[in-house]
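Colleague: Okay, here's the structure, questions in a sec.
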Amino acid sequence: MEINITGAKIYFEIPLFGGIPITETQVNSWLVMLAVFIVCIVLTHNLKVRPESKRQIVAEWIVEKVTNLVRGNMGEGFEGFAPFICAILSLSALSSLSSLLGLYPPTADLNTVAGWALLVFVMITFFKIKTNGFLGYLKGYTEPFALFTPFNILSELGTPVSMAFRHFGNVVSGTVISALVYSALAALSTVLLGWLPGFLGEIPFLQVGIPAILSIYFDVFSSCMQAFIFAMLTMLYIGGAASKE
């Protein structure tokens with residue numbers, strides 16, 4: 001199997017338009033979406049007017065928390081965005097956490113987070129035009145002075161770029177740091193404990209425990225934090241775009 005520039009393996013290519021690659025990122029992304037779909041089906045199956053099961057209580061708790069989060073950051077009229085924000089949160093978090101299962105995390109591929117950022121950018125632009133009108137949207141690039149137009153355009157285009165690279169950079173940096181520390185501990189274990197007799201000298205004792213601590217931060221805490229930050233930026237940007245300039 002070949003390796004592309006993102007680090008994801010290419011499983012095979014569809015013989016259309018010169019060959020469309022099916023990568024590890026795409027396969028794992030579909031697995032994450034399937035997992036989210038199954039969870040949604042399980043939580044929402046056979047709902048009652050009054051909750052009678054822990055499953056329904058959990059489902060209602062998730063809906064309430066996400067709706068309050070959206071209402072608090074975007075305003076009262078944006079409750080309809082709760083499913084979208086919940087989808088962003090779950091897909092981002094589970095994509096990063098999939099590394100705990102030995103899978104290649106889709107969020108470690110720039111194509112994934114760049115696609116999400118472009119979708120958010122389209123929504124931001126849509127609400128700016130809807131709120132201010134097309135001419136008002138264009139006028140916003142010339143404020144406070146027409147001289148600022150190039151800088152305003154660069155600032156606008158920088159929104160999806162910064163969102164994508166922030167998420168991608170944190171996930172990849174955590175993966176790289178964990179791999180470097182893991183390798184360094186193996187080398188240090190050989191230097192310090194290589195004198196032990198027989199197979200004991202070949203066991204990397206220093207790799208036991210320490211990588212797990214790093215994994216708790218980079219694979220669990222950081223993954224959930226980046227998902228939350230991406231969702232928060234999405235809400236703030238869209239909410240701000242829907243306000244009069």
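Colleague: Using θ = phi - 60° and the Karplus relation 6.51 cos²θ - 1.76 cosθ + 1.60, list the HN-Hα couplings for region 126-143 in order, rounded to whole Hz, with x at every Gly or Pro.
Modeller: After applying 6.51 cos²θ - 1.76 cosθ + 1.60, I find 4, 6, 5, 5, 5, 7, 9, x, 5, 5, x, 4, 5, 4, x, 6, 9, 9 Hz.
Colleague: Sticking with this one: Could you count how many Lys pairs in region 47-201 have their Cα atoms under 20 Å apart, skipping same-chain pairs fewer than 8 positions apart?
Modeller: Working: K48/K65; K54/K65; K128/K139; K130/K139.
So the count of such lysine pairs works out to 4.
Colleague: Could you sort the peptides 82-93, 29-40 by per-residue average Cβ neighbour count (10 Å cutoff), highest mean leading?
Modeller: With the highest mean Cβ count within 10 Å placed first, the list reads 82-93, 29-40.
Colleague: On to the next question. So who's got an amide H within less than 5 Å of the one on T23, skipping anything under 5 residues away but keeping other chains? H placed 1.01 Å off N, in plane.
Modeller: The answer is Y11.
Colleague: Now, a different point. Any chance you could run the full-extension gain for I213 through I41? It's 0.36 nm times the residue separation minus the Cα-Cα distance, nm to one decimal.
Modeller: Details: separation 172, 0.36 × 172 = 61.92 nm, distance 3.38 nm.
Fully extending the segment from I213 to I41 adds 58.5 nm.
Colleague: Can you figure out the FRET efficiency of A179 with E156, using R₀ = 35 Å and their beta-carbon distance, to the nearest 0.05? Write down the numbers at each step before the final one.
Modeller: Values: r = 36 Å, r/R0 = 1.03.
After rounding, the FRET efficiency stands at 0.45.
Colleague: When the Karplus curve 6.51 cos²θ - 1.76 cosθ + 1.60 is applied with θ = phi - 60°, which whole-Hz ³J(HN,Hα) does each residue of region 42-54 get, with x for Gly and Pro?
Modeller: 5, 6, 9, 6, 6, 6, 10, 4, 10, x, 10, 9, 4
Colleague: Still on this structure: Could you tally the net charge around V120, taking each other residue with its Cβ under 15 Å from the Cβ of V120, Lys/Arg +1 and Asp/Glu -1?
Modeller: Surrounding charge for V120 is +1.
Colleague: Right, here's the next one. Per residue of region 226-237, in order, report the coupling 6.51 cos²θ - 1.76 cosθ + 1.60 (Karplus, θ = phi - 60°) as ³J(HN,Hα) in whole Hz, putting x for Gly and Pro.
Modeller: 5, 5, 5, 5, 4, 5, 5, 4, 4, 5, 5, 5
Colleague: Figure the gain on full extension for V49 and R71 (residue separation times 0.36 nm, minus the Cα-Cα span) and round it to one decimal in nm.
Modeller: Values: separation 22, 0.36 × 22 = 7.92 nm, distance 2.38 nm.
Working it through step by step, the gained length comes to 5.5 nm.
Colleague: Ordering K54, K139, K128 by accessible area with a probe of 1.4 Å, largest first, what comes out?
Modeller: Heavy-atom accessible area, descending, gives K54, K139, K128.
The values are calculated or read from the model by the stated rules, or taken from the named source; none is laboratory data. It should be emphasised that the depicted structure is a prediction, and the values quoted were computed from it without experimental measurement. Virtual Cβ from ideal backbone geometry, glycine too; neighbours counted across all protein chains shown. Remember, those area values only see protein heavy atoms, side chains included, never the ligands or the DNA or RNA. Shrake-Rupley method; radii C 1.70, N 1.55, O 1.52, S 1.80 Å.
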